[in-house]
Each structure stands twice: as structure tokens, then as C-alpha cells.
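**Q** My questions will all concern the structure given below.
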């Protein structure tokens, strides 16, 4: 065995790998995925909220609460840690993967590769960690039920979307287990995934989102959010951000310099050839920008860099907190939370942002951050706005994407052995997953109602977003 932990002298046959999965199924049958929604040791909603707000910027906490109080679906998006407490009390197959940790339906999106192709994949890794693959699928299926309820779909359509996601996951795993290793590893998530996942009804949604994504660039951000500022000493025509409170606000000189220092250190976490690329730019401005529900209240900055001529590059620096799942799983080997997120993304995604890296920014205290392109041909299909007829297609698509993501760190032959059951038509797995998804959606609606009641009673402050 080498220092890397890889043994290239021994080979595990397909049958041996499947036997490992079958043994796990004998210990923990797929039917055990149908279980109570909550752990008896789960914290109350207000206890969870209080704990999850520790370390956040106090002035932004009411905005986070306001977003979570907007609907059960948005509450769910900010409650990965609460669900982790519930999942930790449930059955565990013992088969681990590099999981997203927050694989709700809105965390699948479009982005551009370095060749300018538009692909679709998991696109949020704040909670990524090594853990039970089932946790991601439980979170996905429950979120589909909630998304359907928010869009006005009837319960049958919500249940069908969750069921189709679980079935698509199982069938995609079976297909990947049959492929050559190199082919399954490099499978891309472009438009063809819609056909593979039997989600053709989403083709128009995909094309519309892809069209918008192609316009989602640093140049567009610069045109919309910045103004020109002529530097008479150098003759260079730079740009600076125009404040748009509360979302985009200027920072003081001390924070600006700390962010620039952090970006210079970050260069050491990307490939050498990309350091040469980054070194051709220079920073024009830095601003604070509020981000999504789960990250509201954390430090998040955008840095505007100028390049060749009027070229602009916008990088995002986003504070990297420990994964909300970490209290319930074995400790990871990463000493830097930004490194954990970047390593997780590189492990799971077929292609990652070429400028993805991590750093530490010396503010009042040293804080870990990830760094990435702020707009990299990014786009999305909002599951909560889909018609009832398209929601199940989205479920099949997300289930297939999640299976491919897990298969990059967990041998799909092992997982296929676990999910095989009595054959291709054995649907006990998706039956169990769906019943739990509905049960957990009900639990989330009750949790959301508890939060809203606390806001109405003045126990906790909330601001509309």
C-alpha cells in the first residue's frame, strides 16, 4: 500500500463489489428507509435557529429568518443541520460517498465549463462531507414534495416527483455499474442528460435556462453593478462597484486590503497554469454582497478585477463554515473549511470552475473562505415554479445527476448491489424513500409553522428579503 492509500496490485471484480453491496442490504434492507421523520433527540426549531446563527453577522440574522419564514420550502433550504440531526438517528447502509450534504432540489443548476459548454450538476457544496449516500437522496426527495406543494401541485404529483427521483437514482446507478470505469467517471451532464433521465419535457426549460446562463458573465455584472473610474496616474480606466443596499455595499480600506491579501494567498490553491492567468489581472474594487438563505449573515465579498482592455473578472469570496452535518459524522481530514468545500466539489462535479480555490482572510479574526468565479455562465431551473407535469421530469433529472455524483466517490457496482433487490422492477426502495419524503415534508411544514408563530409572537426578529 502506498502513502496515497491506493493499492494497484489488487483488483476487485464486479461480482465482489456487488457482493459487498448485497451484504449491506442484508444488514440494512432498503425498506428501512421508511421510518419516523424526526429524531427523538432533535433540537426544537428555535434551538436550531439560535445555534445556526452563532458566528453570523448579527445585523443580517433577521434577513435570514425572514427568508426561512417565507415558506416551508425556503425554511427547508436553510435547515440542512436540522435534517441532519433527524437523519443521524435513522438507518445507515454503511456505504459512504462524498455527499453534497444539502442536495435539495434547488441546488442543481447550470454552469459553464472552461470550453464554454453548458452543463448541469450539483452546484452547492457548503455542507459537503464524507457521509451516507442516503442522506443526499432523502433530502432531495423531501424537497421535491415541498417544491410541488409550493407550486400548487396536488399531492399525487408531489409524490410522483419524489418517487421518480428515487427510481431514477436506482436505475442510473445500475447503468453506471455496467460502464467502463473511465466512461462512468467522465460522463458529462450536458443537454443529453435529459434524454438519459427520461426528462425530455424539461428540454424547453433547459434551453431557456441555458440561454440566460450564456449571458451570465463577469462582463454583464460589470455593466450592471459598476461604474467607470479613470485612474489619471496610470491612465487605466478602472471600474468600481455601485452600492445597492442591503445586497451590495462598499467596504472600508482595512477590509479591502485584507480581502486582497487573501486573494493573493488563494492563488496558491489553484493550478500553476491558472496562477499565471490570474496574475495578468489586478483588483479594482471589493464589495460586500449578501448571498443565499443558508449563507445569509456570513462574510461574503465580490472582488472586481480588470484585465485586457475593458475586460472584467468578478470573483466571489464566501466564508466557509464547518458543515452542518459534521456534528453527526466522523471528523474530516481537512484542516481548512474552504479546502473541504473545494475538495468536495472537485470530487463530485464532472468539471469545476477553473478558478475555484480557498483562502484565509484576516478580518477581526482569521476566517476561512472559498473563492470562485462569481458568474460562470450560471443558470437554474426553479423546481418550485415548475408545472405539476414537469416536476416529475425534474425529479428524474435530479435523481440521475445525484447518482452520477455519488458514483465518483462510491463504486457504483457496490451501490448497485445494495439497490438491486429482486431485479429491475423491484420498487421497494423508491416506495420506502417516497413515504419518508412525504413524512419529512409534513415535519418541515410543522417546523416552518413553529418559526412563523415565533416571529408573529415577537420571540425572534425577521425582515423580508
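Where a number appears in this text, it was derived from the coordinates with a stated rule and is not lab data. Note that the coordinates shown come from a computational prediction; the quantities given were computed from them, not determined experimentally. No Cβ is skipped: glycine too gets one built from the backbone with ideal geometry, and neighbour counts run over all protein chains shown.
**Q** Would you kindly state how much longer the chain becomes between residue 333 and residue 7 on full extension, computed as 0.36 nm times their sequence separation minus their alpha carbon distance, in nm to one decimal? Please list the in-between numbers first.
**A** On the way: separation 326, 0.36 × 326 = 117.36 nm, distance 2.01 nm.
Fully extending the segment from residue 333 to residue 7 adds 115.4 nm.
**Q** Still on this structure, I have one more. For the stretch 117-214, what's the relative contact order in percent, using C-alpha pairs closer than 8 Å and at least 6 residues apart?
**A** That works out to 34 percent.
**Q** A further question follows. List the relative contact order of the chain as a percent without decimals, with contacts defined as Cα pairs under 8 Å and 6+ residues apart. Numbers along the way, then the final one.
**A** Working: 871 pairs, mean separation 144.4, N = 465.
Reported relative contact order: 31 percent.
**Q** If you don't mind, there's one more thing I want to ask. With a Förster radius of 56 Å, plug the Cβ-Cβ distance of residue 192 and residue 459 into 1/(1 + (r/R0)^6) and report the FRET value to the nearest 0.05.
**A** Numbers: r = 50 Å, r/R0 = 0.90.
The formula returns an efficiency of 0.65 here.
**Q** Mind pulling the angle between the C-alpha long axis of helix 203-214 and the longest principal axis of the chain? Nearest 10 degrees, somewhere in 0 to 90.
**A** Orientation of helix 203-214: about 20 degrees from the principal axis.
**Q** Taking the Cβ-Cβ separation of residue 19 and residue 50 as r and a Förster radius of 41 Å, what is the calculated FRET efficiency to the nearest 0.05? Provide the component values of the computation, followed by the final result.
**A** Values: r = 47 Å, r/R0 = 1.14.
In this case the efficiency is close to 0.30.
**Q** Each label point is 7 Å from the Cα along the Cα-to-Cβ direction; what then is the distance between the points at residue 265 and residue 425, in nm?
**A** Computed distance between label sites residue 265 and residue 425 equals 6.1 nm.
**Q** Rank these for me by crowding, 135, 225, 358, 185, going from fewest to most other beta carbons within 10 Å. Don't skip to the answer; put the middle values down first.
**A** Values: 135 29, 225 22, 358 26, 185 14.
Ordered from fewest to most neighbouring Cβ atoms within 10 Å, 135, 225, 358, 185 come out as 185, 225, 358, 135.
**Q** Taking the alpha-carbon centroid of each part, what is the distance from the stretch 280-334 to the stretch 67-114 in angstrom?
**A** 20
**Q** For residue 276 and residue 208, calculate 0.36 nm times their separation in residues minus their Cα-Cα distance, and state this gained length in nm to one decimal.
**A** 21.0 nm is the gain from fully extending residue 276 to residue 208.
**Q** Counting other beta carbons within 10 Å of each Cβ, put 444, 195 in order, fewest first. It would help to have the intermediate numbers written out before the result.
**A** Values: 444 23, 195 10.
Result, fewest neighbours first: 195, 444.
**Q** Continuing with the same structure: Could you please state, rounded to a whole Å, how far the C-alpha centre of the stretch 384-446 is from the C-alpha centre of the stretch 353-382?
**A** Each part's Cα centre sits 30 Å from the other's.
**Q** Sorting 76, 108 on the 10 Å Cβ count, fewest up front, what's the list?
**A** 108, 76
**Q** Which FRET efficiency, nearest 0.05, do residue 215 and residue 446 yield, Cβ-Cβ r, R0 35 Å? Intermediate values should be presented prior to the final figure.
**A** Numbers: r = 41 Å, r/R0 = 1.17.
Efficiency, rounded to the nearest 0.05: 0.30.
**Q** Can you tell me the orientation of helix 155-178 relative to the chain, as the angle in degrees between its alpha-carbon axis and the longest Cα principal axis, to the nearest 10?
**A** That works out to roughly 90 degrees.
**Q** Quick one: angle between helix 388-406 and the longest Cα principal axis of the chain, in degrees between 0 and 90, rounded to 10, please.
**A** Taking the Cα atoms of the chain, the angle to 388-406 is about 90 degrees.
**Q** Taking 8 Å as the Cα distance limit and 6 or more residues as the minimum spacing, I'd like the relative contact order of the stretch 217-373 as a percentage. Write out the running numbers ahead of the final one.
**A** Values: 255 pairs, mean separation 35.0, N = 157.
After rounding, I find 22 percent.
**Q** Take residue 250, project a point 7 Å from its Cα along the Cβ direction, then tell me which residues of the stretch 287-321 have their backbone nitrogen under 18 Å from it.
**A** 287-290, 301-305
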